[in-house]
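The values are calculated or read from the model by the stated rules, or taken from the named source; none is laboratory data. The shown structure was predicted, so the numbers you read here are calculated from the model rather than taken from an experiment. We place every Cβ from the backbone using ideal geometry, glycine too, and count neighbours over all the protein chains shown.
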């Protein structure tokens, strides 16, 4: 007799691709729609899985929403560098998120802030990115410099992914990093 050693009610371990597809679809739906109007069936259809599988992975729509709007993983990746090299790292990591994860936490925060459930997005963004960034900055005008860094990164995402301005889209990732990295670094570690 063969027995199953795994607990019957434990959620399955999602493969990276499946989990990311579900989160990507959920982010898109929750960013553009109200929580009450977003259905698991639509997210399932967008991600190529069943609604039942989403429930097995995340437990509920509320849990999926909480994970989809979290900026923790992206913020950790964005801030994972010493302050002296953070400007270029922020730009390169954002470009990697654009190109490989098809994600932009800055644009997601802006678009979601206009929605009825946008307050949660804004609070999550502040908690996981803006506040930790501000805590790393020394000197004067930390709140202003933090806002300016966020504005530069949001603008870069907008002109590269949404508006698709040729001045940016024609550049390689290295050229974008070379152009924007020093601008951000000047805000991160300003001259005395």
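The table that follows gives values for the structure above.
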item	result
Residue in the range 25-48 that is surrounded by the most Cβ atoms within 10 Å (Cβ to Cβ), counting only those that are under 15 Å from residue 67 (Cβ atoms) and free of Cβ contacts under 8 Å to residues at least 40 places away in the same chain	43
Listing of helices (runs of 4 or more DSSP H) fully contained in the range 55-160 that carry 3 or more residues being at pLDDT 85 or above and touching a helix residue (DSSP H, G or I) at 6+ places or on another chain (Cβ under 7 Å)	61-69, 72-78, 86-96, 131-136, 142-157
